[in-house]
Structures are given as structure tokens and as C-alpha cells.
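Asks: Pasting a structure below so you can have a look.
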Amino acid sequence: MRVTRVGIIRPRPRFCGIMGGRAQSVIKNGRTLMQANPSIGQYLIERLQAQGIRDVFGIPGDFVLGFYQMLEQSPMRVIGTCNELNAGYAADAYARLNGMGAVCVTYNVGGLSLVNAVAGAYAEKSALVVITGSPGMAERRGNPLLHHRVGAFSTQRDIFEKVTVAAVVLDDPETAFREIDRCLELARLHQRPVYIEIPRDMVDVVPPHPYRSLTLTRESEPEALREALAEARELLAKARRPVILAGLEVHRCRLGDTVMAFAERHRIPLCSTILSKSVIDERHPLYLGVYEGAMSREAVQRYVEDSDCLILLGVFMTDMELGIYTAALNPENWIFASLEDLRIRHHHFHQVQFVDFVQGLAAAELPVRSLPEPLPSHPPRAAWAPIAAAPVTNRRLFEKLDGILDERMVVVCDVGDALFASVDLGTQGATQFIGPAYYTSMGFAVPAALAVQVHDQNLRPLVIVGDGAFQMTGHELSSIARLGFNTIVLVLNNKGYTTERYLAEGRFNDIHPWQYHRLPEVFGSGLGLEVHTEDELEEALARAVAHTGAFTLVNIHLDRMDISPALERLTRGIRESL
Ligand SMILES: Cc1ncc(C[n+]2csc(CCOP(=O)(O)OP(=O)(O)O)c2C)c(N)n1
Ligand SMILES: [Mg+2]
């Protein structure tokens with residue numbers, strides 16, 4: 001290595017690959033004579049596009065600038081965010097809507113800020129591709145203390161290994177393409193994040209040998225599948241009150257329609273869970289509501305727990321899904337199928353793929369059954385009229401919100417009572433619901449709302465966020481303002497961490513009061529409204545819905561100890577189960 005007055009001259013990489021160049025085939029006399037490989041960076045972009053990814057969130061830095069330039073020259077759109085954590089939340093939400101999402105950051109300072117969001121995507125099964133630059137392989141010789149480095153060159157990769165299903169460094173042109181394919185396939189199969197690190201001197205390297213892309217498939221063992229389906233059919237045929245719990249993996253594996261068709265054909269009522277809310281049309285006559293132990297509406301809880309055949313499809317058995325373990329589900333009569341596990345009563349089946357099992361079940365012939373009447377279906381929308389000058393309460397606020405949801409809205413919830421209360425909202429047909437209902441990391445919602453309209457500008461996010469969570473990442477409204485999106489943000493301003501106040505009160509639950517509704521002045525766009533009373537609420541929501549040119553932020557004052565009916569049910573259920 002030569003050292004000059006101005007710094008270090010980086011030696012040329014020593015790889016045998018060819019530098020630069022796009023994928024090309026040379027056609028002579030109508031025949032393809034040579035197919036040149038794309039570079040590693042180009043191949044990664046092509047494969048991301050093949051997975052349906054059209055937008056990448058993130059912030060550049062010198063270790064990833066070459067790849068950023070390549071992204072900019074490609075059909076991909078790069079969406080800059082205020083920080084990398086927000087980029088991670090946004091890319092996670094994009095993945096939930098799109099099937100797969102991507103975030104691209106620089107080495108360590110960017111990557112390590114991202115870890116919490118990727119952990120959430122891992123915990124809640126979201127196919128998020130983390131792309132990061134890093135020091136070039138040639139630069140690493142002599143073990144120099146390059147900026148952003150912390151400990152070994154591999155520190156960032158080692159950390160991400162814990163929160164991804166594959167973590168690779170593309171340091172070898174011979175294996176780079178296969179590693180890219182392997183990562184993307186694993187993200188798809190497991191519905192979990194993967195980590196792809198490109199040392200900056202590898203972006204333009206063209207691997208020397210031709211390569212055919214790799215697809216991984218998992219097949220069921222036919223006999224095991226047949227036996228599992230036979231046992232499930234037998235249990236179902238005898239059942240008088242079967243019920244389906246359609247969980248998160250039904251959404252991730254895009255099986256909502258299949259499950260709905262199965263339910264309709266055999267007249268089996270269904271529930272969703274807090275993580276999978278909106279996976280099935282909540283207006284459907286067979287839909288009962290969200291099941292989550294004691295947090296469910298009482299009639300829903302009773303219907304599910306009294307069932308003689310529980311069909312749990314892709315349900316993630318977390319404490320949140322089970323109403324902090326107030327749920328009473330009997331394994332004696334359940335069919336439990338998920339990406340990892342298949343259990344029918346106490347029989348465990350191996351090598352049966354979740355998708356094959358659900359499709360097999362949906363095709364099963366079963367005796368015709370009559371529906372037990374009446375079903376505890378979702379209550380119809382109630383008429384709502386403001387009580388003049390009455391302070392807004394959580395209960396009344398959510399009754400009102402139930403009436404403004406339409407088919408284009410995506411309800412994006414943050415952690416706190418916003419999440420619990422939203423469970424009682426009745427989504428409308430194509431309305432979608434996104435919330436970090438298991439990992440419950442505060443600050444998810446505003447960045448996630450950015451992703452909703454990046455994914456599809458015809459959707460309209462309705463963000464429901466506590467004041468504490470808003471203070472964590474609400475500045476991402478800046479990107480929403482930059483892109484001119486018409487997001488509606490409702491800040492539930494109860495002066496601090498109310499959910500926590502119910503567990504342990506202390507000054508640590510107080511936060512500095514912001515004038516949230518004045519933020520549009522800072523961002524130079526948007527409409528800010530302040531609400532104390534029911535009549536102000538009615539007017540503000542009408543203005544928010546009609547204001548389509550930019551975002552609207554509504555600062556809704558609530559009492560610091562006021563909680564939603566859902567959270568009341570949960571605290572009561574927990575007390576009773578103690
Ligand atoms: C990133 C993160 N930090 C801390 C917590 C712990 N926590 C859970 S709820 C909560 C309070 C949420 O406050 P706010 O957003 O105002 O909602 P509220 O409880 O008032 O409805 C806290 C601090 C968390 N879930 N996530
Ligand atoms: Mg609060």
C-alpha cells in the first residue's frame with residue numbers, strides 16, 4: 001500500500017472477475033454467441049426486481065455510494081428517509097404489503113441503527129432484504145482502522161446473523177450470484193429478513209463464469225400430507241362447531257382467498273388475530289372478529305373457546321395473540337398448521353408444507369353442516385353524533401373512526417393503546433391493517449405509513465399513534481411531505497406513556513408536551529388541527545378526509561388515564577386470570 005500526503009491509495013482489487021459492463025448477449029447470424037454476466041451490483045438489482053421490489057428505502061454513505069448510483073440508474077426508486085431506523089420500519093411495512101421489501105444503508109453507522117427494525121421484521125415474519133455497503137476487500141488488507149469500523153470487519157454481519165435467516169458478504173465473485181439467489185429465496189420461504197453485504201470494490205465486479213439463477217422449493221412428503229389431511233378431515237367431519245383462526249402466515253403466504261373459500265364452502269366461522277387483522281374481509285357474514293383471549297369481544301372469546309374443532313392456520317402463538325395468556329385454547333381438538341409446525345390433536349406431522357396443507361384442506365370434501373345461529377358477528381357501524389363540548393374519550397374516538405374507514409384506507413397503528421383500541425375497528429373490504437402487534441416497537445407507524453403510499457399511491461394511510469411513539473419517529477412526516485402524500489395522522493395526546501402508567505406510575509411516564517398540530521409549519525406543507533371536544537373531532541376528521549393535497553395531522557387531546565374498551569377488557573381478563 002502506498003501512502004501519500006493526501007492519504008492512502010487503495011490498491012486495485014485482485015479478483016479475477018471483469019470490472020464493469022452490463023449483461024449482454026452478442027447475437028450473430030441470429031444466434032446468441034456469448035452471454036456476459038452482469039456485475040454483482042447489477043445482478044442484485046435484477047433479482048430484487050424479479051421479486052417485485054420497485055422501491056428501496058435508505059440513506060447512502062461512502063461505503064455504499066457505488067451501489068446507490070447503480071440503483072439510481074436502474075428502474076428502482078430510491079426513497080430517502082430521515083434515519084436508518086425509519087428506513088427499516090418503512091421497508092418492513094412495504095414488504096408486508098408487497099410480499100418483499102428492501103432497505104439499503106452504509107456500513108455500521110447505518111446498519112446498526114437499522115437493527116431494531118430488522119429484529120421486528122424477523123419477529124413478525126416480514127421478508128425484508130437488508131443491503132449494506134462495507135469496506136472493499138482490498139482495503140481490508142493490513143487491518144486498517146477505517147472510519148465506521150467497530151471491532152472486526154465482520155461485526156455488522158455477525159450482529160445481523162441473529163435477526164435474519166441468512167447473512168452473507170458478497171466477497172467472492174464465484175459465489176456472489178448464488179448467494180444473492182439463496183438469500184432472496186430464503187426470505188421468501190421463511191418470510192423473514194436476510195442480510196446482503198457488498199464490499200464496495202465488489203459492486204462492479206463481473207463474475208467470470210455463466211450462471212443460471214437458483215430457485216429453492218420445499219416439497220411435502222406425499223404420504224405425510226395425505227395422512228395429515230385424512231386426520232384433519234376426520235376431525236372436521238365430526239365437529240359441530242368448528243372455527244378457523246386465520247393467522248399472520250395466512251397473510252404472508254397470500255392464502256387469504258383460499259381460507260375464505262374453504263370457510264364459505266363448509267360454512268365455518270372465522271376469526272383473525274391482532275397480527276393478522278384484515279387478512280379476511282371483516283364485513284363477511286362468517287367473520288366473528290379478532291380473537292385474542294380476554295381482549296376479544298366477550299362473545300367472540302366464548303365462541304372460539306367453546307369450539308369442538310379449532311383450525312389454527314398460521315397463528316403465531318405469542319403472548320399478544322393470546323391476550324397475555326388469557327386465551328384458553330384446547331389442543332385436544334385443534335388442527336394447528338404453520339410454516340414451522342403441523343399438529344393435529346397431539347399428533348405431530350413432519351415434512352408437510354403449510355401451503356400444501358391449507359390448499360389440501362380447502363379442497364377436502366366434508367359433510368354439509370348447518371351454521372349454529374346466531375353468530376357473534378362484528379357489530380354494525382353505529383350512527384355517531386357529537387356531544388357538544390364533551391371531551392373526547394378513547395371509546396368515542398374509535399366509535400367515530402369506525403365510521404370513516406373506507407376501502408382505500410390502510411390503518412397503520414403504533415404501539416400503546418392505539419394498537420389495542422384499533423382491534424375494535426371494522427375494516428372495510430380492501431382496507432388493510434398494519435401494526436407491530438408482537439414485537440411492539442414504538443415508532444413504527446409514521447415510517448410505515450410512508451411505505452404504504454410508496455407501494456401504492458392510491459391507498460390512504462390512517463395513522464393512529466400515541467404521543468410517546470410519535471415523538472420517536474414522527475419526523476418521518478418530512479418524507480411524507482416531500483413526496484406530497486395525503487396521509488392522515490391522528491396523535492393520541494394523553495400526555496405520556498398511558499399504557500405504562502397502568503403498570504407502574506412514575507414521572508418517567510411523562511413526556512414533553514409538543515404542539516403536534518403546528519408541525520406542518522416546520523415541514524412547509526400539510527394541515528394541522530387540534531381537537532379537545534367531540535364537535536371539534538367531527539369537524540377535524542371531516543377536514544382531514546377532504547384534504548387530499550398533503551398530509552393532515554390531528555392532535556387529539558385525551559385524558560392521561562383514559563383507556564380504550566379493548567385495553568379495559570384485557571386488564572380485567574388478566575386480573576381475573578391471576
Ligand atoms: C421502542 C420502544 N421503547 C419502549 C417501549 C415500552 N413501551 C410500551 S408502551 C409505551 C408507552 C407508549 O406511549 P404512547 O405512544 O404515548 O401510547 P399510550 O401508552 O399513551 O397509549 C412504552 C414506553 C416500547 N414498546 N418500544
Ligand atoms: Mg401517550
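Asks: Along each of the three principal axes of the Cα atoms of the stretch 313-356, give the extent in whole Å, ordering the values from largest to smallest.
Replies: The Cα atoms of the stretch 313-356 stretch 31, 19, 11 Å along their principal axes.
Asks: How would you order 444-452, 554-562, 220-228 from highest to lowest mean count of nearby Cβ atoms within 10 Å?
Replies: Values: 444-452: 30.9, 554-562: 18.7, 220-228: 16.3.
So the peptides 444-452, 554-562, 220-228, ranked by packing, come out 444-452, 554-562, 220-228.
Asks: Of T81, I274, L313, which is farthest towards the positive pole of the chain's charge dipole, taken about the Cα centre with +1 and -1 on the beta-carbons of Lys, Arg and Asp, Glu respectively?
Replies: T81
Asks: Please report the Cα spread of the stretch 436-555 along all three principal axes, rounded to whole Å, starting with the longest.
Replies: Extents along the principal axes, in whole Å: 42, 34, 24.
Asks: Using the alpha-carbon atoms, what tilt in degrees (0 to 90, nearest 10) does helix 222-238 show relative to the longest principal axis of the chain?
Replies: Compared with the principal axis, the helix lies near 10 degrees.
Asks: Probe radius 1.4 Å, ligands and nucleic acids ignored: give me the carbon and sulfur share of the accessible area of the stretch 62-216 as a rounded percent. Mind showing how you got there, number by number?
Replies: Details: 2700 of 5250 Å².
That share works out to 51 percent.
Asks: Still on this structure, I have one more. Taking every pair of alpha-carbon atoms in the stretch 109-267, what share in percent sits in each 10 Å bin, from 0 to the bin with the longest distance?
Replies: With a bin width of 10 Å, the distribution comes to 9, 27, 27, 17, 11, 7, 2, 0.
Asks: How large is log10 I(q)/I(0) at q = 0.12 Å⁻¹ when the Debye formula is applied to the Cα atoms of the chain, each weighted equally and without solvent?
Replies: Reported log10 I(q)/I(0), two decimals: -1.19.
Asks: Next up: Report, to the nearest 10°, how far helix 445-455 tilts away from the longest principal axis of the Cα atoms in the chain, using its own Cα long axis and a range of 0 to 90°.
Replies: For helix 445-455, the angle is close to 70 degrees.
Asks: Can you tell me which lysines have their Cα less than 26 Å from the Cα of K495? Leave out same-chain residues fewer than eight positions away.
Replies: Leaving aside lysines fewer than 8 places away in the same chain, those within reach of K495 are K400.
Asks: What lysines sit close enough to K125 to cross-link, taking a C-alpha to C-alpha distance under 26 Å and skipping anything fewer than 8 places away on the same chain?
Replies: Within reach: K162, K277.
Asks: Moving to a separate point now. Show me the ranking of peptides 232-238, 115-121 by mean Cβ neighbours inside 10 Å, starting with the highest. Intermediate results must be reported in sequence, preceding the final value.
Replies: Details: 232-238: 16.3, 115-121: 23.7.
Per-residue Cβ counts within 10 Å, averaged per peptide and sorted highest first, yield 115-121, 232-238.
Asks: Expressed in whole Å with the largest first, what are the equivalent ellipsoid semi-axes of the stretch 374-521 derived from the C-alpha gyration tensor as the square root of 5 times each eigenvalue? Mind showing how you got there, number by number?
Replies: On the way: eigenvalues 107, 93, 48 Å².
Each semi-axis is the square root of five times an eigenvalue, giving 23, 22, 16 Å.
Asks: Using +1 at the Cβ of each Lys and Arg and -1 at the Cβ of each Asp and Glu in the chain, identify which of V411, S422, A117 lies farthest towards the dipole's positive end.
Replies: So the residue we want is A117.
Asks: Find the percent of Cα-Cα distances in the stretch 493-578 that exceed 15 Å, and round it to a whole number.
Replies: Numbers: 2480 of 3655 pairs.
Roughly 68 percent, rounded to a whole number.
Asks: Using alpha carbons only, what's the Rg to Rh ratio of the stretch 24-177 with Rh from Kirkwood?
Replies: Working: Rg = 16.6 Å, Rh = 16.5 Å.
Reported Rg/Rh, Kirkwood definition of Rh: 1.01.
Asks: Evaluate 2.2 N^0.38 Å with N set to the residue count of the stretch 337-438, then give the Cα radius of gyration divided by it. Present the calculation step by step, with values, prior to reporting the outcome.
Replies: Numbers: Rg = 20.0 Å, N = 102, 2.2 N^0.38 = 12.8 Å.
My calculation over the Cα atoms of the stretch 337-438 gives 1.57.
Asks: Kindly report the accessible area of the stretch 417-482 per residue (heavy atoms of protein chains, probe 1.4 Å, no ligands, DNA or RNA), in Å².
Replies: Numbers: 1450 Å² over 66 residues.
With all protein chains present, the stretch 417-482 gives 22 Å² per residue.
Asks: Right, next: Considering all alpha-carbon pairs of the stretch 252-404, what whole percent are spaced by more than 19 angstrom? Don't jump to the answer; show the numbers that get you there.
Replies: Working: 6915 of 11628 pairs.
Tail of the P(r) past 19 Å holds 59 percent of the pairs.
Asks: Another one. Give me the accessible area per residue for the stretch 144-274, probe 1.4 Å, as a whole number in Å².
Replies: Values: 5630 Å² over 131 residues.
Each residue of the stretch 144-274 exposes 43 Å² on average to a 1.4 Å probe.
Asks: Kirkwood hydrodynamic radius for the stretch 158-219: how many Å is it when counted over pairs of different Cα atoms?
Replies: Working: mean 1/r = 0.0804 Å⁻¹.
Over the stretch 158-219, the inverse of the mean reciprocal pair distance is 12.4 Å.
Asks: I would also like to ask the following. How long are the semi-axes of the ellipsoid equivalent to the stretch 174-297, from square roots of 5 times the Cα gyration tensor eigenvalues, in whole Å, largest first?
Replies: Numbers: eigenvalues 344, 81, 24 Å².
After scaling each eigenvalue by five and taking roots: 41, 20, 11 Å.
Asks: When the scattering of the stretch 292-370 is computed by the Debye formula from its Cα atoms alone, each counted once and equally, what is log10 I(q)/I(0) at q = 0.11 Å⁻¹?
Replies: Results for the stretch 292-370 at q = 0.11 Å⁻¹ read -0.33.
Asks: Counting DSSP beta bridges in the stretch 301-428, what percent are antiparallel, to the nearest 5? Don't skip to the answer; put the middle values down first.
Replies: Values: 6 of 10 bridges.
Given both bridge residues lie in the stretch 301-428, the antiparallel proportion sits at roughly 60 percent.
Asks: Please compute the contact order of the stretch 89-134 in relative form: average sequence separation of alpha-carbon pairs under 8 Å and at least six residues apart, divided by the residue count, as a percent. Write down the numbers at each step before the final one.
Replies: On the way: 58 pairs, mean separation 23.3, N = 46.
So the answer I get is 51 percent.
Asks: Using the Cα centre of the chain as origin and beta-carbon charges of +1 (Lys, Arg) and -1 (Asp, Glu), tell me which of V205, V368, M472 is placed farthest towards the positive end of the dipole.
Replies: It is V205.
Asks: Dipole size in debye (nearest 20) for the stretch 336-481 around its Cα centre, Lys and Arg Cβ +1, Asp and Glu Cβ -1? Can you show the working numbers first?
Replies: On the way: 9 positive and 15 negative charges, 55 e Å.
Here the stretch 336-481 has a charge dipole of around 260 debye.
Asks: Another question about this same structure. Going from the alpha-carbon gyration tensor of the stretch 51-108, what semi-axes, largest first and in whole Å, does one get by taking the root of 5 times each eigenvalue? Mind showing how you got there, number by number?
Replies: Numbers: eigenvalues 64, 41, 12 Å².
For the stretch 51-108, the ellipsoid semi-axes come out as 18, 14, 8 Å.
Asks: Using a simple charge model, +1 on the beta-carbon of Lys and Arg, -1 on the beta-carbon of Asp and Glu, nothing else, what dipole does the stretch 399-477 show about its Cα centre, in debye to the nearest 20? It would help to have the intermediate numbers written out before the result.
Replies: Details: 3 positive and 10 negative charges, 34 e Å.
Value, rounded to 20: 160 debye.
Asks: While we're on this one: Rounded to two decimals, what ratio of Rg to Rh does the stretch 209-265 give with C-alpha atoms and a Kirkwood Rh? Before the final figure, lay out the partial values.
Replies: Working: Rg = 16.9 Å, Rh = 14.6 Å.
That ratio is 1.16, to two decimals.
Asks: Moving on. With charges only on Cβ, +1 for K and R and -1 for D and E, what is the dipole size of the chain about its Cα centre, in debye, rounded to 20?
Replies: So the dipole magnitude of the chain works out to roughly 1780 debye.
Asks: For the stretch 106-187, take every pair of Cα atoms, bin their distances at 10 Å starting from 0, and report each bin as a whole percent.
Replies: Result, from short to long distances: 16, 49, 30, 5, 0 percent.
Asks: Nearest 10 degrees, 0 to 90: what angle lies between the long axis of helix 354-363 and the longest principal axis of the chain (Cα atoms)?
Replies: 50
The values are calculated or read from the model by the stated rules, or taken from the named source; none is laboratory data. What you are looking at is a predicted structure, and each value in this text was computed from that prediction instead of being measured. Every residue, glycine among them, receives a Cβ derived from its backbone with ideal geometry; neighbour counts consider all protein chains shown. SASA here: full protein model, heavy atoms, side chains in, ligands and nucleic acids out. Shrake-Rupley method; radii C 1.70, N 1.55, O 1.52, S 1.80 Å.
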